[in-house]
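Worksheet for the structure shown next.
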Amino acid sequence: MLIQRPEKRWETRPLECWNKAKELRKQFYQKESTAKETNTFIIGGGDSLGMGMMVGMPVCHFIHPNPLAAEMVNASDSFPRECRAAFEAKGYGHDWCGYMASYLGSMMLNRSFRGGEFPRRDISVTGNDLCNFFFKHGQLESEYWDIPMHHEDSMTYYGEPDPERANALVECLVAQNLDLIEFLEKATGKKFDDEAYVESFKRGRRTGVLRAEVIETLQNIPAPLDEKSGYSLFTLGGLVGSDPEQTEKLWEMIRDEMRWRAENQIAAVATERYRFKDGFPPPWYCLNYYRYMEEYGAVCVSVNYGGTGGLEEQPDGSYKLPKNPVERFENIKTREDAVRAQLSGWRNFMAGGLPNPEGNSERLLKWIKAFKCDGVILQLQRNGIGCVDKEREETIRMVEEGIPVMNWETSHAGSRTDFDENRMFDQLDTFMESQGLRKLVD
Amino acid sequence: MERFQKLLEDPHKYAKEWKEKTGGKVMGYFCPYIPEELVYAAGALPVRVLSEPDADGISYRYLYATFCPKSRGVLAQGLNGTYSYLDGISHAQCCEGMSGAYSSWRLHIPHEHEWFVSMPSDLDNPWALTALRSEMSALKKDLEKWTGKTITEEALDHAIEVYNTSRSLMRQVYELRRAANPKVTGAEAFEMVLSSQIMDKEEHNKLLKDAISKLSGREKRDDNGVRLMMLGSDCDFGDATLTRLIESMGATIVIDRLCNGSNYFWNNVIPQEDRLLAITQRYWDKPRCAVKDETFRRRVVDVIGLAIDYNVQGVIYNVHRFCTPNHADRPPIIEALKKRFIHFHDLEHDGTFPMGDLQSRIETFIDVIRK
């Protein structure tokens, strides 16, 4: 069987929400470049804040390094290489996380990949997210600009789920978040708008539910959205804190479009015949990896990184939205209520024993079933172990369960320098052939 | 001095014999942020899980190649059965590498009991202190359940006293190293501190007292050569090997700031009514390692203070490949050392210690300082 032809061809259409999403992202980054004229404080980091907090402090604009670096390495091969060289020339190791090396290198070169200078940060707000690079990047950023820094420690534990322990650690986080608000008030000299924050928090929750509804549709065959496109959307309203009202409207639009596509069997990939799950973000300089897989009729329908966005497992193994997901947050009235509600996910994460690698693997197995995946591709990121600390264990577990799994090595957000695209495509060929699949020929 | 060296020649013998003799439980720990006093007060023996290079690569199945050699070496020790005498394992949140080793150990190496302490990373954060205090309560409860023994205030007081004595004695040894032409070598001091992590402190204290009395009678050496400081990643047995190598080439390691060296014993528990808070505070106040220095660069200040205090001429930054936190701290530490005209050598390696290569690098470094 040297040649395979598609047995079935689904109808496919371009995404209608695509341009609107691009526009929102553009507006967000424009705010960064015009910050000086608009007297806006640019905050480096802020990954744990949620977009609600930005509305409470409209004079601040939060820029998270990850999506910025992802765009940077996707836009150019040479610029991230220069950034990395600048960063390493300061004595930092080649094994630094690619996001951080690209972001901090761009800062050290004082050049933005969009042209012009790298916009000065006024405040640094970091959370460690259990990743060694995140906390260290805040130190570098605040020292480089000589700016105030706020640091958040997201403590967790392995072992038996223990609500009492989880509670104590969450209370610590609540206190830190409340302190952050006061810190921002002091650093900017502006008062935090509690009412706007609470309202925006609720809006954020509604947006989260919309996002979950979109993820829910990916369980459909054919998948109405592939993860490559999903990556461009899912940070909106999260790590990319685009205008909250517009973001909610966008997600409504995406949700409606995906539901319509699912009902009408409009596929992301016309030749879908193999569904796979991805691990962490792919090498941003090689997103054509997804397009390459499409040549086999393979579509990525789920990623660890995006999770299931608040969906709950059902007795039949599928994932659906919990009952009344939005109403749960309607009684929130104060700043503290909102902060606590924001951290409820973290509490559930710990209380459910999910920091344990076995918890992670079991969850992955459930997702594979729910999203009807045929195989799993787990990247091993060469730079930074925060994104790979559980990947080998997950691989072992998949193998035990007889699920086809492929590991491949990459520096996901670094420069293309260390990446051998042909070798990777060869590996994908081998993996797909092991699944009995060949490239489709019309 | 030979007794400490002998203990390290077979680092598992003591714990195995202790177990046989007392019938007690042995708790292995991966990171020195584990409050050993609590384990000791519960009647168990805390033993540091020491790393040896994973020459056969048996850890690669579980830990990707970008995990540091130390974490892979620790896991390899578990996988090859070297630590099969451990009844329990414990870890305190530190770097991702060691947390990975702990995670895989939990899953693949049989053990009776396990405990993970959520050690904060930002030790300038007052709320985290409260959270850590609650973690101590959780650990105490867990240990009581595991050992079937109530941890009384008396037991805690005794444990604190034993551990504080050990720390004070080690400080005395390190004080001797501050002098010109110190009586004790870096290798000897390192063997003392490393051996203290694998045996009952009460017994080790007796050995230390005896050694200190003998050291005070020892003649000063004529010329100990260049005075060096060692920083960076823990390499356990490798650190001892490296120290001996350096000291054979016309230099003395007069001070270190390693997690298995001075950082392990530097500060005491300051007794207070709430024993658990006193213990919490001790671990909170330890000199910062690279992982726990997230905000104000206290580590840089600490290192420079020590270098001045011990009249250090050069610093060897002994760092593993993929030791993220230590790599991240390197540039600011180099900068601070340069400002004080203290020489610096970046000794990055993969944990296997190729002696010929290391020898020529260190020799050159020592020559540069001499000139």
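The values are calculated or read from the model by the stated rules, or taken from the named source; none is laboratory data. Since this is a predicted model, take the numbers as computed values, not measurements. Quick reminder, even Gly has a Cβ in these numbers, built from the backbone with ideal geometry, and neighbours come from all protein chains shown. The area values use the complete protein model at the heavy-atom level, side chains included, leaving out ligands, DNA and RNA. Shrake-Rupley method; radii C 1.70, N 1.55, O 1.52, S 1.80 Å.
Label-to-label distance, A:N39 versus B:Q172, with points set 7 angstrom from Cα along the beta-carbon direction: 6.6 nm.
Hey, any idea what % of segment B:237-342's accessible area is carbon plus sulfur with a 1.4 Å probe? Write out the running numbers ahead of the final one.
On the way: 1940 of 3440 Å².
After summing per-atom areas, the C and S share lands at 56 percent.
Label-to-label distance for B:E219 and A:Q27 is 8.5 nm, based on points extended 7 Å past Cα in the beta-carbon direction. Spacing of the modelled spin labels on B:H108 and B:D56, each 7 Å from Cα toward Cβ, amounts to 1.2 nm. Positive-end ranking of A:N264, A:L225, A:A370 along the dipole of segment A:3-440, with charges on Cβ about the Cα centre, is headed by A:N264. Only protein heavy atoms count here; under a 1.4 Å probe, B:R3 has an accessible surface of about 100 Å². Contact order for segment A:3-440, expressed relative to its length and based on alpha carbon pairs under 8 Å spaced 6+ residues apart, stands at 22 percent. Once A binds B, the 1.4 Å probe can no longer reach about 4100 Å² of accessible area, counting both sides.
Taking 8 Å as the Cα distance limit and 6 or more residues as the minimum spacing, I'd like the relative contact order of segment B:1-144 as a percentage. Kindly include the intermediate steps, with their values, before the conclusion.
Values: 191 pairs, mean separation 32.2, N = 144.
Contact order relative to length: 22 percent.
Identify which of B:N318, B:N80, B:N267 has the largest mean-square fluctuation in a Gaussian network model of chain B, with springs joining Cα atoms closer than 10 Å. Most flexible of the set in this elastic network: B:N80.
Computed extension gain for A:E433 through A:D146, at 0.36 nm per residue and net of the alpha carbon distance, reaches 97.9 nm. Among A:G44, A:A166, A:L109, pick out the residue whose Cα is farthest towards the positive end of the charge dipole of segment A:3-440, where Lys and Arg carry +1 and Asp and Glu carry -1 on C-beta, about the Cα centre. Working it through, the farthest residue towards the positive pole turns out to be A:L109. Direction-averaged projected area, Cα convex hull, chain A: 20.9 nm², rounded to one decimal.
Could you put B:V74, B:V301 in order of accessible surface area, largest first, with the 1.4 Å probe and the full protein assembly present?
B:V301, B:V74
Please grab the % of Cα pairs in the protein assembly as shown that end up more than 37 Å from each other.
Values: 149633 of 330078 pairs.
Here the long-distance tail beyond 37 Å is 45 percent of all Cα pairs in the protein assembly as shown.
Selection among B:P120, B:A180, B:I109 by position relative to the dipole of chain B gives B:A180 as farthest towards the positive end (Cβ unit charges, Cα centre).
Accessible surface calculations at 1.4 Å, restricted to protein heavy atoms, place segment A:1-96 at 50 Å² per residue.
Pairs exceeding 21 Å between alpha-carbon atoms, taken from B:K21/B:K149; A:K26/A:K228; A:K36/A:K136: A:K36/A:K136. Solvent exposure of A:R9, expressed as accessible area, is near 130 Å², computed with a probe of 1.4 Å over the protein chains only.
Pairs of Cα atoms under 8 Å, at least six residues apart: use those to get the relative contact order of chain B, whole percent. Write out the running numbers ahead of the final one.
Numbers: 601 pairs, mean separation 69.3, N = 371.
Once normalised by length, the contact order is 19 percent.
Can you work out the FRET efficiency for the pair B:D10 and A:L109, with r the C-beta to C-beta distance and R0 = 60 Å, to the nearest 0.05? Display every interim value, and only then the final one.
Details: r = 54 Å, r/R0 = 0.90.
The value I calculate is 0.65.
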